Amino acid sequence: MKNIDLQTLSSNEQTFVKQFLGNAPQTLLSAAIIQNHPKNHKLIRANDACSYVYILLKGKLQAIEERLSYEPYHFMEISAINIVGDYELFIHDISRMVTLITMEPSRFILLPAKDYIEWIRGDAAALFLRMQMLIRLTVQQSQNERKIHFLSNRDKLLHFLCFQYNHYALPGTLLQIKYTHTELANMTGCSVRTINRLITYFSKENLILIKKGKIFLSEDQIHSINGLLINSPRA
């Protein structure tokens, strides 16, 4: 592929690129480029034109809804390997629906949106793979929403902390929760006042560790949190 050196990619990345773009036309492949972005880079802005589709090869994105309220709502994390920026193309929306920001250093393949949608309409194998990915993501979102819909504010925050630890903690180490109280409120649907109160309570109960204003979690604390969630009354 012109502009793409597959040797710079990991084996998993190469496998996906070859599978997904294996039958793509040379015009699309020639326009494809690799870009690397640092943490906190705004990859996509809500309401911008849909110019590119992005294959997330490495890293993680935060999806932020900015069009429904004055306060941005952080509603989803997107991990590699994934595709973003084509959902609007499938529903014929000419502008971006959400904002996407990198949560860590990330690598992407950029594909021109117009060439991408023209190609994938006629490539049954690529379209089927993409539909599988979209359906899987939709199901995961629905399951998560059902799980937390009837939870108390306490349990919403505890579930969020468990998710962070289970996905990002290294064995035998403390995990730092790198979010402000405002961000935690947006991600859990709680108020900032409620988050402040819960963080104070969790610290007193030794469910979390506070160091220089930062939140940390240990394996033992996660075991305690899991016990609370298992015994928590359900609606």
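The values are calculated or read from the model by the stated rules, or taken from the named source; none is laboratory data. No experiment lies behind these values; they were computed from the predicted model shown. We place every Cβ from the backbone using ideal geometry, glycine too, and count neighbours over all the protein chains shown.
Remarks
- Positions within the stretch 200-217 being crowded, with 18+ Cβ neighbours inside 10 Å and within 23 Å of E77 (Cα to Cα), in sequence order: I208, I215, L217
- In the set I94, I78, only one residue is over 22 Å from G22 (Cβ atoms), surrounded by fewer than 14 Cβ atoms within 10 Å (Cβ to Cβ) and in contact (Cβ under 8 Å) with a residue 12 or more places away in the chain; that residue is I94.
- Set S106, S95: member being polar (S, T, N, Q), closer than 24 Å to I120 by Cβ and at pLDDT 95 or above: S106
- Flag if K2 is at pLDDT below 90, touching a Pro at 6+ places or on another chain (Cβ under 7 Å), exposed (fewer than 15 other Cβ atoms within 10 Å of the Cβ) and of a type in the set (D, E, K, R): no
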